[in-house]
Amino acid sequence: MQSVESTISSLCLDCYDLAVNDASLPSDHFSSYPRFVFSQTGSIICSFSANQLICHFPNGKIFSWTPSEASSFITLLKNWPTDAPRSWTIADVTFLNNSQILLLLAPPENGKPLRSIICLIDLSDEFTVSFQRFISLRGKAEMVHVVSADHNTLPGFHGAAVIALERGQTALLDLCLDWNIPYRTYLETSACISIEQCVESVAEGELISPLSPKMEHSLVNLNASRISLNNFYYQTPRDETVGKFPSVSVNVTLLQYIPQIRALVVGFNFGGWQLWSLTKLKVL
């Protein structure tokens with residue numbers, strides 16, 4: 001597949017360069033401070049804020065990228081949607097493995113329409129970084145957390161990541177790392193499926209996202225039954241409602257996969273949390 005490449009520089013950048021210069025945000029807004037992610041061996045360190053990503057390599061080289069440069073790959077994508085946002089912010093960054101990261105781009109605050117993009121970036125070459133794949137998500141995503149980079153962890157998935165969206169929505173995305181992408185650059189799409197559809201496909205030994213001309217990734221909405229148009233229902237594993245909150249006020253604040261029990265911890269800004277079994281796709 002054709003990739004979008006960016007040359008790495010040797011400029012020395014201070015973490016202060018990552019600060020958001022946006023007068024519309026309060027001075028203590030959390031996004032004005034850089035966050036850090038590390039490769040599994042600690043050899044690559046990436047720091048990011050809403051307006052900049054910087055990755056430091058063992059050879060002293062530095063890769064720097066800002067959302068304003070997104071037009072460099074947008075113009076190459078053959079099926080870029082006409083209703084996509086015109087500006088982006090960096091919502092989250094996480095390592096997929098020791099040399100690849102997932103970059104989550106979302107519209108700025110109050111930006112329309114609500115669509116997000118996950119970029120798979122290859123950092124294995126210390127001299128040239130390449131944007132290799134792009135996955136479109138409907139809605140404004142806020143966090144991404146890798147569960148698996150292979151097909152062994154979760155049956156039916158070939159690589160999986162958890163996406164946190166607005167209103168407390170949490171979804172399990174099939175990364176489809178087994179797909180043999182043709183030699184053209186496409187924007188891969190995603191479509192929501194129910195937990196029941198996912199469980200049925202896995203029970204029949206099928207992949208939940210077979211390769212098709214649409215290049216459509218399955219997105220399993222974990223909290224669909226707990227969110228209405230106006231409310232978020234905080235429920236026990238027995239589906240007993242113990243709290244009700246306006247859905248617009250609910251945000252996911254924590255995503256943490258526990259490999260020993262194949263479970264996902266989801267934390268919320270109102271102080272509640274869920275423990276999801278990712279093999280049974282139910283709250284424990």
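Couple of notes before you dig in:
- Scanning the range 158-170 for residues that are in contact with a helix residue (DSSP H, G or I) (Cβ under 9 Å, 6 or more places away or on another chain) and more than 16 Å from D92 (Cβ to Cβ) returns R167, G168.
- Sole exception among (1) free of Cβ contacts under 8 Å to residues at least 24 places away in the same chain; (2) assigned to a helix (DSSP H, G or I) for R86, by number: (2)
- For the range 123-144, the tally of residues that are outside any strand (DSSP E or B), among the acidic types (D, E) and in contact with an Asp or Glu (Cβ under 8 Å, 6 or more places away or on another chain) stands at 0.
- Between S71, S64, the distinction of being more than 15 Å from L102 (Cβ to Cβ) and either within 19 Å of the chain's Cα centre (by Cα) or modelled with pLDDT under 85 (or both) belongs to S71 only.
- Among the residues making up the range 263-284, a single one is among the basic types (K, R) and farther than 13 Å from Q235 by Cβ: K280.
- The set of residues in the range 45-61 that are at pLDDT below 90 and among the β-branched types (V, I, T) is empty.
- When residues of the range 90-119 are limited to those that are of a type in the set (S, T, N, Q) and not in a loop (DSSP other than H, G, I, E, B), the one nearest to C46 (Cα to Cα): T94
- Failed item, numbered, when K78 is tested on (1) part of a loop (DSSP other than H, G, I, E, B); (2) without any contact (Cβ under 8 Å) to a residue 60 or more places away in the chain; (3) farther than 21 Å from N110 by Cβ; (4) not acidic (D, E): (2)
- Taking the criterion of being part of a loop (DSSP other than H, G, I, E, B) and surrounded by fewer than 23 Cβ atoms within 10 Å (Cβ to Cβ), the residues of the range 145-158 that qualify are A149, D150, H151, N152, T153, L154, P155, G156, H158.
- Residue in the range 87-108 that is farther than 30 Å from H151 by Cα, exposed (fewer than 14 other Cβ atoms within 10 Å of the Cβ) and modelled with pLDDT under 85 present: no
The values are calculated or read from the model by the stated rules, or taken from the named source; none is laboratory data. Nothing here was measured: the structure is a model prediction, and the numbers come from that model. Please note: Cβ atoms are built from the backbone with ideal geometry, for glycine as well, and neighbour counts cover all protein chains shown.
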